[in-house]
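What follows is a set of notes on a single structure, which appears directly below.
The values are calculated or read from the model by the stated rules, or taken from the named source; none is laboratory data. Note that the structure is a prediction, hence the values are computed from the model and not measured. When we count neighbours, we look across all protein chains shown, and the Cβ atoms used for this are built from the backbone with ideal geometry, even at glycine.
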Amino acid sequence: EEIMPNDFSQGVTFGDRAFEQSVAASPERQQLYLLWADHKLRFGKVAEGLEIMRKARSFSPSSGFMLRLYGEYLDSARINRPESANTRDLSFRLSPELYGIHEAEQVALDMAKYGNGPRSIDMMRAFLACKGHDTGIACPAPFVGVSYNPSRDVFDVVVRFYRGMGDREAAEKYEAFAKMYFNDFIVEEPKKK
């Protein structure tokens, strides 16, 4: 984008050439690949950008930071949401300090939707412990003492999970927590067919 303005008709081609030349001159420079992948994404060349992002990831495959960037690329490109959720969860486990509590909450919600439901419930319970609720799980270290207002979605997911497991007591406990924040909180029962 800084190499060629977006409204320049040949911007994509010239941008690609500039990145190709830069990578040829400095093939181990991960930042160039990250910028190039972002360039591809901005111009709708998602598959090409994904290959470049994979190359960038290959330089440090177990880096929490790189895993976060890779997961965010997948999410931004709106492809493979399950892989995105799992990758960002792995990133969070490796490097929780890279996340604010609301970003971590979103990782947990995405895990509930696309990935590992029980893992997401444990994450949400841990975040609620940060708010002072007795959930049986400790607040993760980077979030102790952090200001946190849980979203309605967290309570909705947790209450539905425990109802689905047949644990009425746990479902009622989390519903009571939810009503501390959202006095109109209610989880609708699924409609019977």
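Please specify each residue of the stretch 31-83 satisfying the condition of being closer than 27 Å to residue 117 by Cβ, β-branched (Val, Ile, Thr) and assigned to a helix (DSSP H, G or I).
none
Sort out which residues of the stretch 42-55 are farther than 12 Å from residue 16 by Cα and in contact with a helix residue (DSSP H, G or I) (Cβ under 6 Å, 6 or more places away or on another chain), and write them in order of number.
Hits for the stretch 42-55 are 46, 53, 55.
Out of 58, 84, report the one residue that is over 25 Å from residue 105 (Cα atoms) and of a type in the set (Gly, Ala, Ser).
Checking each option against the conditions leaves just 58.
For a quick check of your reading: which helices (runs of 4 or more DSSP H) sit entirely within the stretch 84-193 and have at least 2 residues that are over 21 Å from residue 67 (Cα atoms) and at pLDDT 95 or above?
117-130, 152-164, 168-181
Within the stretch 108-139, which residues are touching a residue at least 40 places away in the same chain (Cβ under 8 Å), surrounded by 20 or more Cβ atoms within 10 Å (Cβ to Cβ) and either more than 11 Å from residue 150 (Cβ to Cβ) or touching a Leu at 6+ places or on another chain (Cβ under 6 Å) (or both)?
Result: 112, 121.
Residue 28 versus (1) modelled with pLDDT of 95 or more; (2) among the acidic types (Asp, Glu); (3) not in a helix (DSSP H, G or I): which is the lone unmet condition?
(1)
Taking residue 187 and the conditions (1) under 25 Å from the mean Cα position of the chain (by Cα); (2) closer than 29 Å to residue 96 by Cα; (3) not basic (Lys, Arg), which numbered condition does it fall short on, given that it satisfies the others?
Of everything listed in (1) under 25 Å from the mean Cα position of the chain (by Cα); (2) closer than 29 Å to residue 96 by Cα; (3) not basic (Lys, Arg), residue 187 misses just condition (2).
May I ask you to list pairs of residues, at least six apart or on different chains, whose Cβ atoms are under 8 Å apart, with the first in the stretch 20-39 being more than 12 Å from residue 57 (Cα to Cα) and the second being of a type in the set (D, E, K, R) and at pLDDT 80 or above?
22/29; 23/29
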